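The values are calculated or read from the model by the stated rules, or taken from the named source; none is laboratory data. These numbers come from a predicted model, not from an experiment. Counting neighbours? That spans all protein chains shown, and the Cβs are built from the backbone with ideal geometry, glycine included.
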Amino acid sequence: MEKELKLGQILLLRKIITAKQLKQALDLQKKESKPIGEILLSMGLLKEEDILEAVMTQSNIPYLDPENFQIDPRAITCIPKEIAEKEIVFPIAVQGKRLTVIMANPFKENVIKEIETKIGYSLNIFLGLPEKIKKFIYKYYGRD
């Protein structure tokens, strides 16, 4: 049942935010055109972990912490740094023509298809915290 709900509704059901806070965030979303989770974060009403748990419930996409995973150096060569930084996606393993990645936003189907087309691999996607993904992007690709 929960995976059919929107992110704000899941956070409301879990009593992480109130109905009033959700309404404020939705009103702000109309003006700013940002994802509701990003708005709630900027309002200081929740933590990234709260969004992550709600998104996992909503999507059935599992979470993977790159700090608990042995990164395959061959995987890093599969996604260009520009794409990794822009889409907040980090490759962690490659097996045959399947690339395992951690994404901050695994709901951008057009981005997933674009990446798969550019690199010639199908993606096995896990959800990750944006700040952790960025940390690993900088660690393995370097900073400009």
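Can you name the number of the only condition in (1) in a strand (DSSP E or B); (2) surrounded by fewer than 16 Cβ atoms within 10 Å (Cβ to Cβ) that residue 113 fails?
Single failed check for residue 113: (1).
Just the residues that are over 14 Å from residue 13 (Cβ atoms) and crowded, with 17+ Cβ neighbours inside 10 Å, please, taken from the stretch 56-73.
The answer is 64, 66.
Specify the residue that is farthest from the chain's Cα centre (by Cα); the eligible residues are those in the stretch 48-72 that are part of a loop (DSSP other than H, G, I, E, B) and either over 21 Å from residue 136 (Cα atoms) or not polar (S, T, N, Q) (or both).
From the stretch 48-72, those part of a loop (DSSP other than H, G, I, E, B) are 60-62, 64-65, 69-72; that's our starting set.
Among the residues that remain, those that are also either over 21 Å from residue 136 (Cα atoms) or not polar (S, T, N, Q) (or both) are: 60-62, 64-65, 69, 71-72.
On the way: 60: 13, 61: 10, 62: 11, 64: 10, 65: 12, 69: 17, 71: 18, 72: 20 Å.
The qualifying residue farthest from the chain's Cα centre (by Cα) is 72.
List, please: which pairs have Cβ atoms under 7 Å, are six or more places apart or on different chains, and start with a residue in the stretch 123-144 that is assigned by TED's automatic domain parsing to the domain that holds residue 91 and end with one that is in a strand (DSSP E or B) and among the charged types (D, E, K, R)?
Listed pairs, sorted by first residue: 124/98.
Specify the residue that is nearest to residue 127 (Cα to Cα); the eligible residues are those in the stretch 49-97 that are hydroxyl-bearing (Ser, Thr, Tyr) and touching a residue at least 12 places away in the same chain (Cβ under 8 Å). Lay out the reasoning, then the answer.
Looking only at the stretch 49-97, we keep the residues that are hydroxyl-bearing (Ser, Thr, Tyr), and these are 57, 59, 63, 77.
With the extra rule that they be touching a residue at least 12 places away in the same chain (Cβ under 8 Å), the set shrinks to 57, 59, 63.
On the way: 57: 11, 59: 10, 63: 5 Å.
Only one residue fits best here, namely 63.
Here are 86, 97, 108: which of them is basic (Lys, Arg), in the same structural domain as residue 137 (by TED's automatic domain parsing), at negative phi and surrounded by 12 or more Cβ atoms within 10 Å (Cβ to Cβ)?
108
Give just the number: which of (1) outside the structural domain of residue 129 (by TED's automatic domain parsing); (2) surrounded by 16 or more Cβ atoms within 10 Å (Cβ to Cβ); (3) assigned to a helix (DSSP H, G or I) does residue 45 not satisfy?
(3)
Before we move on, is residue 75 aliphatic (A, V, I, L, M), under 14 Å from the mean Cα position of the chain (by Cα) and not in a strand (DSSP E or B)?
Here the answer is no, as residue 75 does not meet what is asked.
Hey, can you tell me all the residues within the stretch 21-42 that are farther than 19 Å from residue 107 by Cα and touching a helix residue (DSSP H, G or I) at 6+ places or on another chain (Cβ under 6 Å)?
Kept after step one, since they are farther than 19 Å from residue 107 by Cα, are these residues of the stretch 21-42: 21-28, 30-32, 42.
If the condition is that a residue be farther than 19 Å from residue 107 by Cα and touching a helix residue (DSSP H, G or I) at 6+ places or on another chain (Cβ under 6 Å), then 22, 25, 28 are the ones that fit.
Taking the criterion of being surrounded by 16 or more Cβ atoms within 10 Å (Cβ to Cβ), charged (D, E, K, R) and in a loop (DSSP other than H, G, I, E, B), would at least one residue in the stretch 11-34 satisfy it?
There is no residue in the stretch 11-34 that is surrounded by 16 or more Cβ atoms within 10 Å (Cβ to Cβ), charged (D, E, K, R) and in a loop (DSSP other than H, G, I, E, B).
Filtering the stretch 117-137 down to residues that are surrounded by 14 or more Cβ atoms within 10 Å (Cβ to Cβ) and in a helix (DSSP H, G or I), which residue is nearest to the chain's Cα centre (by Cα)?
Per the criteria, the residue is 130.
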